[in-house]
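Written out below as structure tokens is the structure these notes cover.
The values are calculated or read from the model by the stated rules, or taken from the named source; none is laboratory data. Every value quoted in this text rests on a predicted model; they were computed, and no experiment measured them. Cβ placement follows ideal geometry from the backbone for every residue including glycine, while neighbour counts extend to all protein chains displayed. These accessible areas exclude ligands, DNA and RNA; they are computed on the full protein's heavy atoms, side chains included. Shrake-Rupley method; radii C 1.70, N 1.55, O 1.52, S 1.80 Å.
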There are 2 protein chains.
Amino acid sequence: MQLRFARRVANAKKSFIREIFKVLGQKDMISFSGGFPNPSSFPIEGIKAAAIKVLDSDGANALQYSSTEGYLPLREYIAKRYFARFELKVDPSEILIVNGSQQAFDLISKVFLDIGDTVVVEKPAYLGALQSFGFYEPTYKVVPLTETGLDLVALKDALKDNPKLMYVVPNFQNPTGLTYSNENRIAIADLLRKTDTILIEDDPYGELRFKGIDHQPIKSVLDEQTILLGSFSKIVSPGMRMGWIVAKKEIMEKLVIAKQASDLHSNYFTQRIITQYLMDNDIDKHIETIKAMYLKQREQMLTSMKQYFDPSITYTQPEGGMFLWVTLPEGVSAMKLFESAVVQKIVYVPGDPFYTVGEDLNTLRMNYTNSTPKEIDEGVQRLAKVFNEAIKKTNSR
Amino acid sequence: MQLRFARRVANAKKSFIREIFKVLGQKDMISFSGGFPNPSSFPIEGIKAAAIKVLDSDGANALQYSSTEGYLPLREYIAKRYFARFELKVDPSEILIVNGSQQAFDLISKVFLDIGDTVVVEKPAYLGALQSFGFYEPTYKVVPLTETGLDLVALKDALKDNPKLMYVVPNFQNPTGLTYSNENRIAIADLLRKTDTILIEDDPYGELRFKGIDHQPIKSVLDEQTILLGSFSKIVSPGMRMGWIVAKKEIMEKLVIAKQASDLHSNYFTQRIITQYLMDNDIDKHIETIKAMYLKQREQMLTSMKQYFDPSITYTQPEGGMFLWVTLPEGVSAMKLFESAVVQKIVYVPGDPFYTVGEDLNTLRMNYTNSTPKEIDEGVQRLAKVFNEAIKKTNSR
């Protein structure tokens, strides 16, 4: 028998992050690679109390099939929170519960992308989104990220042919940790308004701002045209795979059909537990705890990098979220140094998978949320050994 | 702004079953429509104990991100059970945990189907699968179902052009309740062996045989070429959306990549709870309880139909599962009678959505698992009123 796969997967590669997972089990390995929340932040007791309450009070319904859209009280909660945080008016009917943002990428692609359609993405962009879009065989246009958001000249150019979709992470972007300024958001909305391009505004980290003040979502000035994504992964639990899509009625109708064909509905038992947990607990207080923890870890990483890294290495200073982005001197490949780093028992994510083209780039992503300050200091020292030596070699060539 | 959807959804319709849901809330409505397990069969206390145990003993891991493939002890359990039931050898690495069979349809389509590729399906076929395949814009070939399985002459013809996929439900098929004989399974395997066609053997109801003896899965005689699907929806809880795919290594590699791009991994918290539940409870005893319940409900439906239905109405007599299939006299449209049935406070699923072509057909699906024997008797009486009158009218024309 001959295996005949679809064209879309014939060339699909396993994600590099998956490959990294394989070395993570090694003894004494320190990892700056994953996007894992700190497990000590998980509200285990709160989830347990919620699970017991749901099963005791309404177990038969909680274990039964449910609606594709998701549990209404959960959608109402999400809508209320948008209004409380940003005075953003979202109707619960405009919210679809999905299995984390990753499923949002898949469903939106399914609803919008024909083969060859253009998707505008950030440079660098979140690799999980690129992976998901990739299954729908699009063409990419990239817009470089700056310290204050998208490069507007490049964006204007990328929008010239009225692309189908544009994907951005305006808060504490993955992988760079950068945040779009208010001015940049408004300028993006102004440019998009002249097109039929649907903006996917992904916001998994927005609740995790530990410095500065929150910015309005782009959706608040480009409502009809924006699909906003949110997630409980970074504030409650990622293993529960619970996120949501906010979209206007006509788009939502198609997304619901796509969701139904994809897996009927998201885990209803877990939707009920999360809802109960949110009702019975002060989520803002919980988020404050997470933010205090992450700020401390971020400070340690910045301090250690300043202390140990060669001064030719630069990095972003995120005001929230889970990642920062390191740039090595031109010509030093983070991918090529990955193996030496593994030998030193430290891993990160080389920049390559965050770009739609190019390889052996001089950038890398570092996560600070899933290591103790002590591990962070030790990990940065190990990295410095690898990087500084490579830089010395390059300079002496 | 102009909305520009992908071609695949421009014509996608909401499922008729979703439309049925809307009338289900009406007072005194009896429903034979859904595929809902009887909620009184849900092991609420067992799930609660498992949830507490998982959170108490390993909460931080249970709430964290996990591997795309799924929790290894759960996959080991599934593999062991196949061996215990059928001496079918499955390696845990050949199992992928997914969000119910519905996600299996999507992932398999993603991995195999290019636009226009042929999928062979039963006539009639499970509408959820048709909906899922439909997003990948295939061409269908249909093979009629008989009392003993697929029509082999039609199957031979359908396989002539070496189609990419073939989808079957050999045990207590949805919608007909029919089961393939052993001879039919072997004949199907013999025909498929000459092709490169991948067989999707869907088995959500196989554990629910309340009469007769189990047959071997087709996979046991066509191992390499068969993708076998299973689910906890009908034996533990459908709201948890937990199913699995069994496939050989080369296919599994692609499925894992597709799963990762689709939603990273299935709800890990729930995987852990189900595993714990299975470890601490006698699932066979639990399944016996469900089967005893469903047999009683099935007997009531057959008895009532015999008593009240016009003798020109025929129906299948399933040996397990959740559905039976009713055939009205030629020319009587189950779809057209649906509204009269709603007026009588009884709903079913008209046959139309189970076919790839045709409308106003004289067939319908009835579910007996989610109504009490008393409701079943009352519901069949209401239906008889609608059907018998329509038959009388047709005869007098």
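Checking the condition touching a residue at least 60 places away in the same chain (Cβ under 8 Å) and under 22 Å from A:Q173 (Cβ atoms), which residue from A:N388, A:N362, A:N367 passes? Lay out the reasoning, then the answer.
On the way: A:N388 fails: under 22 Å from A:Q173 (Cβ atoms); A:N362 fails: touching a residue at least 60 places away in the same chain (Cβ under 8 Å).
Just one listed residue meets the conditions, A:N367.
What about B:A189, is it within 11 Å of chain A (Cβ to nearest Cβ) and in contact with a helix residue (DSSP H, G or I) (Cβ under 8 Å, 6 or more places away or on another chain)? Give the steps one after another, and end with the answer.
Values: within 11 Å of chain A (Cβ to nearest Cβ): no; in contact with a helix residue (DSSP H, G or I) (Cβ under 8 Å, 6 or more places away or on another chain): yes.
Answer is no for this residue.
List the residue pairs whose Cβ atoms are under 8 Å apart, where the first residue sits in segment A:49-76 and is modelled with pLDDT under 95, the second is acidic (D, E), and the two are 6 or more positions apart or on different chains.
From segment A:49-76, no pairs qualify.
For segment A:16-33, indicate whether the set of residues that are closer than 22 Å to A:D360 by Cα and within 8 Å of chain B (Cβ to nearest Cβ) is non-empty.
Looking through segment A:16-33, at least one residue is closer than 22 Å to A:D360 by Cα and within 8 Å of chain B (Cβ to nearest Cβ).
Return a yes/no flag: does segment B:269-280 have any residue that is basic (K, R) and surrounded by 14 or more Cβ atoms within 10 Å (Cβ to Cβ).
yes
When only residues in segment A:41-67 that are facing chain B (nearest Cβ under 7 Å) and under 24 Å from the mean Cα position of the chain (by Cα) count, which is nearest to B:I235 (Cα to Cα)?
Filtering first and then ranking leaves A:I47.
Out of all the residues in segment B:171-187, is one or more in a strand (DSSP E or B), touching a strand residue (DSSP E or B) at 6+ places or on another chain (Cβ under 7 Å) and touching a residue at least 12 places away in the same chain (Cβ under 8 Å)?
No.
For the condition open to solvent by 10 Å² or more (accessible area, probe 1.4 Å) and within 22 Å of A:R365 (Cβ to Cβ), what is the one hit in A:V168, A:V142?
The unique qualifying residue is A:V142.
In this structure, is A:P163 within 13 Å of chain B (Cβ to nearest Cβ) and closer than 27 Å to A:A79 by Cβ?
When the stated conditions are applied, A:P163 does not pass them.
Of all residues in segment A:272-303, which are more than 30 Å from A:V326 (Cβ to Cβ) and over 21 Å from the mean Cα position of the chain (by Cα)?
A:R272, A:I273, A:T275, A:Q276, A:Y277, A:L278, A:M279, A:D280, A:N281, A:D282, A:K285
Given the conditions (1) within 13 Å of chain B (Cβ to nearest Cβ); (2) touching a residue at least 12 places away in the same chain (Cβ under 8 Å); (3) in a helix (DSSP H, G or I), report the number of the one that A:A292 does not fulfil.
So A:A292 meets the others, but not (1).
Can you work out which of the residues in segment A:72-99 that are in contact with a Phe, Trp or Tyr (Cβ under 7 Å, 6 or more places away or on another chain) and open to solvent by less than 50 Å² (accessible area, probe 1.4 Å) is nearest to A:R241 (Cα to Cα)?
Filtering segment A:72-99 for residues in contact with a Phe, Trp or Tyr (Cβ under 7 Å, 6 or more places away or on another chain) gives A:78, A:88-90, A:95-98.
After this cut, where a residue has to be open to solvent by less than 50 Å² (accessible area, probe 1.4 Å) as well, the list is A:78, A:88, A:90, A:95-98.
On the way: A:I78: 16, A:L88: 25, A:V90: 22, A:I95: 16, A:L96: 14, A:I97: 10, A:V98: 8 Å.
Checked segment A:72-99; the qualifying residue nearest to A:R241 (Cα to Cα) is A:V98.
Could you grab me the full set of residues in segment A:223-257 that are surrounded by fewer than 24 Cβ atoms within 10 Å (Cβ to Cβ), under 22 Å from B:M240 (Cα atoms) and facing chain B (nearest Cβ under 7 Å)?
Within segment A:223-257, just A:I257 meets the criteria.
Would you check if A:V142 is assigned to a strand (DSSP E or B) and among the hydrophobic types (A, V, I, L, M, F, W, C)?
Taking the combined requirement at face value, the residue satisfies it.
Within segment A:317-331, take every residue that is open to solvent by 10 Å² or more (accessible area, probe 1.4 Å) and not aromatic (F, W, Y) and give me the one that is nearest to the chain's Cα centre (by Cα).
Checking each candidate, the answer is A:E319.
(1) over 20 Å from the mean Cα position of the chain (by Cα); (2) of a type in the set (A, V, I, L, M, F, W, C); (3) closer than 24 Å to B:G351 by Cα: which one isn't true of B:L178, the others all being true?
Among (1) over 20 Å from the mean Cα position of the chain (by Cα); (2) of a type in the set (A, V, I, L, M, F, W, C); (3) closer than 24 Å to B:G351 by Cα, the lone unmet condition for B:L178 is (1).
Here's the yes/no breakdown for (1) under 23 Å from B:M29 (Cα atoms); (2) of a type in the set (S, T, Y):
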site	(1), (2)
B:E299	yes, no
B:D310	yes, no
B:T327	yes, yes
B:S333	yes, yes
B:Q344	yes, no
B:V347	yes, no
B:G351	yes, no
B:Y355	no, yes
B:L361	no, no
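Residue by residue through segment B:114-139, note down the ones that are assigned to a loop (DSSP other than H, G, I, E, B), touching a strand residue (DSSP E or B) at 6+ places or on another chain (Cβ under 9 Å) and within 14 Å of chain A (Cβ to nearest Cβ). Outline the logic, then answer.
So in segment B:114-139, the residues assigned to a loop (DSSP other than H, G, I, E, B) come out as B:114-117, B:124-126, B:135-138.
Subset that is touching a strand residue (DSSP E or B) at 6+ places or on another chain (Cβ under 9 Å): B:116-117, B:124-126, B:136, B:138.
Passing the criteria: B:G116, B:D117, B:Y126, B:Y136, B:P138.
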